[in-house]
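K.L.:
Have a look at this one.
Nothing in this text is a laboratory measurement; each read-out follows from the coordinates by a stated rule. Bear in mind that the values here come from a model prediction, so they are computed numbers and not experimental data. When we count neighbours, we look across all protein chains shown, and the Cβ atoms used for this are built from the backbone with ideal geometry, even at glycine.
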Amino acid sequence: MFKNALWISLVLALAPVACRPFIPATPPGFVELDDNDKSYDYRATHPDGLVTGVRVIRNSQAGDLSFWTRAVANELRLGKGYRLVSEQAITNHDGLAGRLLEFGHDEGKAPHVYRVGLYLHRHDLFVLEQGGTRDIVTAHAKELDQALLGFSVKTGIPRFFSYNGA
């Protein structure tokens, strides 16, 4: 009886993770948030004030990665006043090609950095967002890169117990 209850508890604890169409790579020093923010499918924070998150957007219009890269850049530049600082190709844990956009934005006296990684897989666009003050983002660049590049898309192969990029 105890063995069955333990197994059921384990399955229920992993259920939210198993339902995601991706496996996040939570960097060392970050903790996953369970803040019920329905605009994100995953969020984690660092005590220094950094955040990283994932949104999954259904690509029902069948836009390619170039389309989504330009759409995101235009929305943030023209619609929200961010300055595009850099754009580069990235590849995730699975070998899936993506794009990384880095934006600058001043809030008060502190310059902020907002990084957006984009991966397109079948009909899902994975938007990985990271942000914080420029100094803190620079100090934790390795951990933030780990979250972008260690990110994994579930492709139908069960990856139980491989949470956090393991």
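K.L.:
Which order, highest average first, do 113-120, 66-73, 96-103 follow once you tally other Cβ atoms within 10 Å for each residue and take the mean per peptide? Intermediate values should be presented prior to the final figure.
P.N.:
On the way: 113-120: 22.1, 66-73: 15.5, 96-103: 18.8.
In decreasing order of mean packing, 113-120, 66-73, 96-103 become 113-120, 96-103, 66-73.
K.L.:
Also, I was wondering about something else. To make sure I understand the rule: partners must be aspartates and glutamates, Cα under 19 Å from the Cα of K109, and not fewer than 8 residues away in the same chain. Which ones qualify?
P.N.:
Hits, sequence-local ones excluded: D48, D135.
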